[in-house]
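Beneath this line is the structure, given in structure tokens, with notes to follow.
The values are calculated or read from the model by the stated rules, or taken from the named source; none is laboratory data. Bear in mind that the values here come from a model prediction, so they are computed numbers and not experimental data. Here the Cβ is made from the backbone with ideal geometry for all residues, glycine too, and neighbour counts use every protein chain on show. Ligands, DNA and RNA are excluded from the accessible area calculation, which covers all protein heavy atoms including side chains. Shrake-Rupley method; radii C 1.70, N 1.55, O 1.52, S 1.80 Å.
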Amino acid sequence: MLGYPVYVDDILIRKDILILLIFAVVVKFILHVPSARARDAMAVLILTAGVLSHELLAFIGLPSVAMIMLISSQLHHWDAKELSQKQAVLHAPVRFRSLRSLLWLLIPLGGMLSILAWKGTRAQAYRIGLSWIDSRLAANPQGIQGGAIGWIGMPSEKFVEDTQKMISQLHFGIPTWSLVIVLSAGGVFLVASAIARRDAQRAWLYVLACLFQFTVMIPIFYHAMDTGRWVIMCLFSAFILTIETPDPLIDRLGQLVPCPSFLYRFSTPPWLCPVFLALWGMPITLWKPWQFVLHAPVGFVAKTYFYLRILGMPRPTELLG
């Protein structure tokens, strides 16, 4: 979580961090609280509040939460093939519990549908702007509607048009969308490589979680132009799923989707992941090629030094005498 401001936009407190924290708490409840009813009720309550706070959580949260609910509901049960007929009969309610867990998710889904039904108007955006911007700007409506507030009430065609314009832009003859794919794959590779040094199966889970999260986020990538934010949200949410998943569940997932054998033999130099993660960056919107450097940890350090120099900090040579 602390790395989010470094990789995205230098803002320490942002709603995306709150979304990730809510997602982490929900995953923690589902995977680690033994009581099914308390687990589902608390997780759904928190998830619904999160969805109503920001609809993005419906995409990175609802599908993955449904998946882990479905799998984890059978985590502590024997495989039906290994049960006697009497034990299998006693085990019949497992499917019912799985269905009951999924039915809980109708509540946050209803919250998402309500957001789509009452998405606001331009007049409401204007009044919101007036409520938190100096009243002297009231004569200039364009000056009070910045950021997400300025998009309230906009038709979806406008979202798609601006997004397509951004991702089709060329950098050195290379379209932005291809750079996003390459950088996203690079981020997945670097994090998975770091995990694989300790646990190949967990690294494979991270790759699967990333594929799942990127897939369910396709509508957001298509409609909203903050591409860098969506990439980071996919990588971070997949990492949360990876580190919170207990070993028994990873073993069960390994039976469903076996880990490729080469991952057990795969190894990277110890320096590779730290060095390239220091150079890896993903800005919110990709308009200029130099943004990739500025939004990497190396760029963050350089910008911090630049700001400190503006504030009067002496050069390193002066500090060292």
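Quick notes on this one:
- Using a probe of 1.4 Å on the protein chains alone, the accessible area found for Leu279 is around 100 Å².
- Long-range amide H partners of His171 with built H, under 5 Å: Thr176
- Phi-based couplings in Hz for the range 281-298 (Karplus 6.51, -1.76, 1.60; Gly and Pro marked x): x, 8, x, 4, 10, 9, 9, 10, x, 5, 5, 4, 6, 5, 9, 8, x, 4
- The range 244-321, dipole about Cα centre (Lys/Arg Cβ +1, Asp/Glu Cβ -1), debye to the nearest 20: 380
- Per-residue packing, averaged as other Cβ atoms within 10 Å, sorts the ranges 283-290, 311-318 into the order 283-290, 311-318, beginning with the highest.
- The range 186-231, Cα convex hull volume normalised per residue, Å³: 57
- Scoring 112-119, 53-60 by mean Cβ neighbours within 10 Å over their residues and listing the highest first yields 53-60, 112-119.
- The range 229-270 - convex hull of the alpha-carbon atoms, volume per residue in Å³: 120
- Whole-Hz couplings from phi, Karplus 6.51/-1.76/1.60, listed for the range 34-40; x for Gly and Pro: x, 6, 4, 5, 5, 4, 5
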